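Inspection log for the structure reproduced underneath, given as structure tokens.
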Amino acid sequence: MNKVVNNAEEALRDLSDGVTILLGGFGLCGIPENCIAALVKKNVKSLTCISNNAGVDDFGIGLMLKQKQVKKMISSYVGENAEFERQLLNGELEVELIPQGTLATRCLAAGYGMPVIYTPAGAGTEIAIGKESREFNGKEYLMEYAFAADYALVKAWKGDTEGNLIYRATARNFNPLMAMAGKITIAEVEELVPAGSLDPDYIHTPGIYVHRIFQGSNYEKRIEQRTVQQKQ
Amino acid sequence: MALTKEQIAQRIATELKDGFYVNLGIGIPTLVANYIPKGMNVILQSENGLLGMGPFPFAGEEDPDLINAGKQTITTIPGSAFFDSAMSFGMIRAGKVDLTVLGAMEVSETGDIANWKIPGKMVKGMGGAMDLVASAKNIIVAMMHTNPKGESKLLPACTLPLTGVKCVKKIVTDIAVIDVTNNGFYLVERAPGITVEEIKSKTAGKLIVEGDIPEMKF
């Protein structure tokens, strides 16, 4: 089976209104820029997006919010986005906030074939309301479900034609976890190489989890908080 | 004199021990990194997937793939490691991180913490705070003793939605160092020139004062 496609448009060819999508990245670091641009162009609607953050006003998932493509956002932190705030306060957007580790581990569980996880995060707080909990060794844990998502859109540094992926630095973040959790996982990479070019010992995401892969283009890699020190 | 934010960070840094793995939250906690004693090996964990966080890069050397949990450009130190977000919170949940320092809006005398949501205001989310406070072995809160209205942030019970329950071990404010014990807030030190009476008057929760309370030294 050939997993390689030419670009994001081709990779997202069957993605339709109303689906649930996992999007990798932390802030604007390691986000699938090409896939997001294609989603904006395709203008699919009523999407449920699961991503740690919701981009900024003019980049990342913020571009999809601007076109009102997102029905529901599941994230751990959604600051830095005025349009998001406006839609939320107007009741145009549904938001579910969940702890960051819970978000990550619910992806992991999906990729590991486990229906639930137990985590202490949020026990005794309002996010525990309506959730099953259980005590282990005198401590309370919440039961949280593995995600079931139609698509996962991830960004890697390098990938091969078998779909094996390698990430770079902290752009790894949620990408390998989400890659494991999509019914259809689409990987965009900065450099696509022939199978056999990557050392099997250094693969982060084995290709079995990846259904479509393409070499992205024109990466902006926008920096959210450029912070530097002065040379002494 | 009440402490500056830098002095709060400096005081918290005296709690560090050689070989500690430490997670520093956004705000005052980030400043603690500037006061790690020379020669002490402290490894900073950034929950977006890095152990061994270094200082900010020099201008022109920023790497968009290398940021901290506050989304700031950073560097790595020799011996650093990258990992995914599940492993990051895995090591936190498993108690591998020795110390977590974070800010708070309110802390209760039983160690409950509220730092993510104010009803009626735009909620940005808890990020990793709920995971951190639920699992960290040792949590120090860095905050002002009172809010901008002058109201105590050390309460009998939190009024804001909780981030975690019975988890805070120590609080360093601009006027005092306080341990959270089974019996309430225990006054450990006071800021230079701050009286026990002032600390009492600004602490709404139960404050235990035993003997002479030493002044912090800088």
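Over the Cα atoms, compute the radius of gyration (one decimal) and Dmax (the largest Cα-Cα distance, rounded to a whole number) for segment B:1-123, in Å.
15.5, 47
Mind scanning A:Lys131/A:Lys221; A:Lys131/B:Lys137; A:Lys131/B:Lys124; B:Lys124/B:Lys149; B:Lys5/B:Lys166; A:Lys131/B:Lys121 and naming the pairs with a C-alpha gap bigger than 27 Å?
A:Lys131/A:Lys221
Determine ³J(HN,Hα), in whole Hz, for all residues of segment B:92-104 in sequence, where each value follows from phi through the Karplus function 6.51 cos²θ - 1.76 cosθ + 1.60 and θ = phi - 60°; x replaces Gly and Pro.
With coefficients 6.51, -1.76 and 1.60, one gets 6, 4, 7, x, 7, 7, 6, 8, 10, 10, 8, x, 8 Hz.
Please grab the % of Cα pairs in segment A:189-228 that end up more than 12 Å from each other.
73
Provide a whole-number value for the mean count of partner chain Cβ atoms within 10 Å of the Cβ atoms in peptide A:116-126.
6
To make sure I understand, if each residue's beta carbon is the centre and we count other beta carbons within 10 Å, what order do B:Phe185, A:Phe174, B:Phe20 fall in, fewest to most?
B:Phe20, B:Phe185, A:Phe174
Tell me, what is the percent relative contact order of segment B:109-218, built from C-alpha pairs under 8 Å that lie six or more residues apart?
Taking the mean separation of contacting Cα pairs over the length of segment B:109-218, I get 29 percent.
At B:Tyr35 and B:Val188, where each label point lies 7 Å from the Cα along Cα→Cβ, what is the point-to-point distance in nanometres?
Going by the 7 Å Cα→Cβ label model, 1.2 nm.
Add -39500 (n - 2.57) for each DSSP H run of 4 or more in chain A, then divide by its residues: what number comes out at 222 nm, to the nearest 500 deg cm²/dmol?
-5500 deg cm²/dmol
Report, as an integer, the average count of C-beta atoms from other chains found within 10 Å of each Cβ along B:163-170.
That average works out to 3.
Divide, for segment A:112-232, the radius of gyration over alpha carbons by 2.2 N^0.38 Å, where N is the residue count.
1.39
Once the other residues with Cβ under 12 Å from the Cβ of B:Met1 are scored (Lys, Arg +1; Asp, Glu -1), what is the net sum?
After counting each charged neighbour, the total is -2.
Straight-line reach from A:Lys66: which aspartates and glutamates fall under 17 Å, measuring Cα to Cα and dropping same-chain residues less than 8 apart?
In chain and number order, the partners are A:Asp17, A:Glu33, A:Asp57, A:Asp58, A:Glu80, A:Glu83, A:Glu85, A:Glu92, A:Glu94.
Can you give the average number of partner chain beta-carbon atoms within 10 Å of each beta-carbon in peptide A:159-172, as a whole number?
Taking the mean over all residues of the peptide, I get 4.
Looking at B:Leu160, B:Gln45, B:Pro55, which one has the Cα that reaches farthest to the positive end of the dipole of chain B (charges on Cβ: Lys, Arg +1; Asp, Glu -1)?
B:Leu160
Name the residue, out of A:Met143, A:Met180, A:Met73, whose mean-square fluctuation peaks in a Gaussian network model built on chain A with Cα pairs under 10 Å.
Among A:Met143, A:Met180, A:Met73, the largest GNM mean-square fluctuation belongs to A:Met143.
Computed from the coordinates by the stated procedures, all read-outs in this text should not be read as laboratory data. It should be emphasised that the depicted structure is a prediction, and the values quoted were computed from it without experimental measurement. No Cβ is skipped: glycine too gets one built from the backbone with ideal geometry, and neighbour counts run over all protein chains shown.
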